[in-house]
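The values are calculated or read from the model by the stated rules, or taken from the named source; none is laboratory data. The shown structure was predicted, so the numbers you read here are calculated from the model rather than taken from an experiment. For neighbour counting, all protein chains shown are included, and Cβ atoms are generated from backbone atoms with ideal geometry for every residue, glycine included. Calculation scope for accessible area: heavy atoms of the full protein, side chains included, ligands and nucleic acids excluded. Shrake-Rupley method; radii C 1.70, N 1.55, O 1.52, S 1.80 Å.
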Amino acid sequence: MALEFSPETLKRFEATVARYPKKEAAMLPVLYLAQREFGHLGPEAIAYVARLMGQSPARVHGVVSFYTMYNVKPIGRHHVQVCRTLSCALGGAEKITAIITKKIGIEPGQTTADGRFTLSEVECLASCGTAPMMQVNDDYYENLTEEKVTAILDGLK
Amino acid sequence: MEKLLLRNIGIADSHTLAVYQSRGGYQSWEKVVRDMKPAELIDEVKASGLRGRGGAGFPTGMKWSFVPKDSPKPKYLVCNADESEPGTFKDRLLIEQDPHAIIEGTLIAAYGIQSHTAFIYIRGELVAGAKILERAVEEAARAGFIGKNIFGSGFDLDVILHRGAGAYICGEETALLSSLEGGRGWPKVKPPFPATHGLFGCPTVVNNVETLAALPWIIERGAAAYAAMGTEKSKGTKLFSVSGHISRPGVYEVEMGYPFKKFLEDDCGGVPNGRKLKGVIPGGGSMPVLRPEEIEKVNLDYESVQAAGSMLGSGGVIVMDETTCMVRAASNIARFYAHESCGQCSPCREGCHWMEKIFHRIEHGEGQAGDLDLVLNISGNIMGNTICPFGDAAAMPAAAFIKKYRAEFEAHIAEKRCTVRTE
């Protein structure tokens, strides 16, 4: 069955489009809605958003692939993103990534077989004074230590 | 020094409208709407000497004055909350703890250019900040500071919070506008400038969070009070985000012209663990690194940092102690730009990746004779040859690391290993 929004999300879609001076400006928030509804933005989701927005799937895919926060493939329930840019690197980001890799058994760019975790290394998250840090889904975790990272991962089911 | 920008930081519930108003919040907005003509407001901001805090330091009042008064098109004000510059976290502090100051500044700026729709473009990763700002916008709208016929003046203004989706380049104002139009965050050729041809081809002003947050104070206390602080050309105060090898990292508000060395040593507690300073990036990852001897007489203002061969930029101060491998640091910064290049201009798209690859191989003991001059050559070919300042932002730090720590790079190439790190 082709993907489509639930009636509730469709209402949110219409309200979102109505907020903007032009429909095309709602592209980013609409893609967020689609990602939340469908889990990731695969070809079917992109084709659906393209129809809703009155644009070509190629153009929508061009937007999706430009930004790091849209996932074209399924990711784990907990997306663990360790900042690797200079301030965090000076603060020991590599050690944090190594601790996580050892604990959950995957390298950056991989997802655990049970779909619990995806691990990524990302660029500066505006948390340089509290390095090293990571973001898991929407939440920031700062001033990380081995103990802290272990406790955080244990708490994510 | 009296704090302007951080005046509400650390106060309990500073993010709420009640606390913000109890500290005088939105009185400037009321004064502007009730008592000031747009031209008077622009003159006041010009007189304050306020310059854009996003990195370029362009005079704010002048930027507003470029918006045509007689255009039949709608005008837009955009608050740039897409803070992504490596080493910079000042806007995030204001977003999370003083969102109403940003909103009040946004309203004042919108009135100055007679915009009836303002956007706050917040970086996508700052989910907590977006929620706080969204709630604050709702509070301000309920209180009548946003919406129709504000303070009975007949002035209407809507504020739309818009989340980015993960792309450093969207902090560049024309890329931000492309993103806000629903496309890839691709910078546009200037001219035409956003002031005449911005969002959807309409007159648009994009101002940084910190710039806008300074406006309520300037209106409350007057342009002269603001201009009385700082240096001849760099007025007022500026936020500095301090990170890396420093005893007390964090966000500091400093009067423009404050001595850099004193700032690092006294205010921030200096380099910890009894180690020596090896280098410091004064204005975010885009700016050339400075050696310890180069900051001896530097003051924290646009002109002084520029005279020392770097730039004040975003005020993102990254401190590196003597144990830091500068090849590794350069490689880290180069990788950032290779990852973030938007891909439009060949010199940047190709050059950033080559610089990353060459630094990476030097770092991993595979550097070749001639590599350093090759990076300098690539850097020189990027500089000035791209649509937006991103190219320069990638090229300048790469060249500076080599020029200022050349012996260290050469030792890495000659000995095929890191000659600095002790771990």
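Please give the peptides B:62-72, B:224-234 ranked by average Cβ packing (other Cβ atoms within 10 Å per residue), highest first, as a rough proxy for protection.
Taking the mean over residues of other Cβ atoms within 10 Å, the ranking is B:224-234, B:62-72.
Pairs B:Lys73/B:Lys238; A:Lys73/B:Lys90; B:Lys37/B:Lys233; B:Lys31/B:Lys63; A:Lys73/A:Lys95: which exceed 24 Å Cα-Cα?
Pairs exceeding 24 Å: B:Lys73/B:Lys238; A:Lys73/B:Lys90; B:Lys37/B:Lys233; A:Lys73/A:Lys95.
Once the Cα gyration tensor of region A:78-155 is diagonalised, what are the square roots of 5 times its eigenvalues, in whole Å and ordered largest first, as equivalent ellipsoid semi-axes?
In descending order, the three semi-axes are 19, 12, 11 Å.
Given 10 Å bins starting at zero, what is the percent of C-alpha pairs of region B:185-238 in each, up to the one with the largest pair distance?
Percent of Cα pairs in each bin: 20, 34, 26, 19.
Run the dipole for the protein assembly as shown about the Cα centre, Lys and Arg Cβ at +1, Asp and Glu Cβ at -1, nothing else charged, and hand back the magnitude in debye, nearest 20.
Its charge dipole is roughly 620 debye.
List the lysines whose Cα lies under 17 Å from the Cα of A:Lys23, skipping any in the same chain that are fewer than 8 positions away.
Here the lysines satisfying the reach criterion relative to A:Lys23 are A:Lys11.
Quantify how strongly other chains surround peptide A:67-76 by giving the mean number of their Cβ atoms within 10 Å of each of its Cβ atoms.
For this peptide, the per-residue mean of nearby foreign Cβ atoms is 3.
Cut-off under 17 Å on the C-alpha distance; same-chain residues fewer than 8 positions from A:Lys22 excluded. Which aspartates and glutamates are left, in chain and number order?
Once the sequence-local aspartates and glutamates are set aside, what remains near A:Lys22 is A:Glu14, B:Asp158, B:Glu181.
If N is the number of residues in chain B, what value comes out of its Cα radius of gyration divided by 2.2 N^0.38 Å?
So the Cα radius of gyration is 1.00 times the expected 2.2 N^0.38 Å.
Expressed as cubic angstrom per residue, what is the convex hull volume of the alpha carbon set of region B:48-137?
Spread over its residues, the Cα hull of region B:48-137 gives 107 Å³ apiece.
Cα extents of region B:230-283 along the three principal axes, largest first, in whole Å?
Projected onto the principal axes, the Cα atoms of region B:230-283 cover 37, 18, 17 Å.
Along each of the three principal axes of the Cα atoms of region B:17-227, give the extent in whole Å, ordering the values from largest to smallest.
Over region B:17-227, Cα extents along the principal axes are 40, 38, 33 Å.
Could you check the spin-label model distance between B:Ile9 and B:Lys276? Points 7 Å from the Cα along Cα→Cβ, value in nm.
Taking the two extended label points, one gets 3.2 nm.
Over chain B, calculate the relative contact order: mean separation of alpha carbon pairs under 8 Å at least 6 apart, over the residue count, as a percent.
16 percent
May I ask you to give the percent of accessible area on chain B that is carbon plus sulfur, with a probe radius of 1.4 Å?
The value for chain B is 51 percent carbon and sulfur by accessible area.
Roughly how many nanometres apart are two label points built 7 Å out from the Cα toward the Cβ at B:Glu265 and B:Thr419?
Each label point lies 7 Å from its Cα, and together they span 2.9 nm.
Using only Cα atoms, tell me the angle between helix B:38-48 and the longest principal axis of chain B; keep it within 0 to 90° and round to the nearest 10.
40 degrees
Give the Debye-formula value of log10 I(q)/I(0) at each listed q (0.20, 0.21 Å⁻¹), with one equal scatterer per alpha carbon of region A:28-139, two decimals each.
So the normalised log intensities work out to -1.01, -1.06.
Taking 25 Å as R0, compute the FRET efficiency from the Cβ-Cβ separation of B:Asp156 and B:Lys190 and round it to 0.05.
0.25
Summarise the partner chain shielding of A:46-55 as one whole number: the mean count of Cβ atoms from other chains within 10 Å of each residue's Cβ.
So the per-residue partner count for this stretch is 0.
Average partner chain C-beta neighbours within 10 Å, per residue of A:117-125?
4
With all pairs of different alpha carbon atoms counted, what Kirkwood hydrodynamic radius in Å does the protein assembly as shown show?
Its Kirkwood hydrodynamic radius stands at 24.6 Å.
For region A:59-98, how big is Rg over Rh, using alpha carbon atoms and the Kirkwood form of Rh?
On the Cα set of region A:59-98, Rg over Rh gives 1.13.
Binning at 10 angstrom from zero up to the longest distance, how are the C-alpha pair distances of region A:7-66 distributed in percent?
For region A:7-66, the binned pair fractions read 24, 61, 15 percent.
Report Rg/Rh for region B:149-234, rounded to two decimals, where Rg is the Cα radius of gyration and Rh the Kirkwood radius.
Result: Rg/Rh = 1.06.
Arrange the peptides B:77-85, A:34-42, A:64-72 so that the one whose residues have, on average, the most other Cβ atoms within 10 Å appears first.
Top of the packing list down: B:77-85, A:64-72, A:34-42.
Total Å² of accessible surface buried at the B-A contact, 1.4 Å probe, nearest 100?
Answer for the B-A pair: about 3700 Å² buried.
So, by mean Cβ neighbours within 10 angstrom, what's the order for B:262-271, B:132-141 with the highest one leading?
B:132-141, B:262-271
Once the Cα atoms of helix B:346-363 and of chain B are each reduced to a long axis, what angle between those two axes, in degrees from 0 to 90 to the nearest 10, is obtained?
It is inclined by approximately 50 degrees.
For chain B, take the longest principal axis of its alpha carbons; what is the angle in degrees between that and the long axis of helix B:326-340, to the nearest 10 within 0 to 90?
Result, in degrees: 50.
Under a straight-distance cross-link criterion of Cα-Cα below 13 Å, which aspartates and glutamates are reachable from B:Lys262, leaving out those fewer than 8 residues away in the same chain?
Filter leaves B:Glu296.
Using only Cα atoms, locate the centre of region B:358-423 and the centre of region B:55-126, then give the distance between them in Å, rounded to an integer.
Taking the Cα centre of each part, region B:358-423 and region B:55-126 sit 36 Å apart.
For B:Tyr258, what accessible area in Å² do you get when you roll a 1.4 Å probe over the heavy atoms of the protein chains, rounding to the nearest 10?
Surface open to solvent at B:Tyr258 totals about 60 Å².
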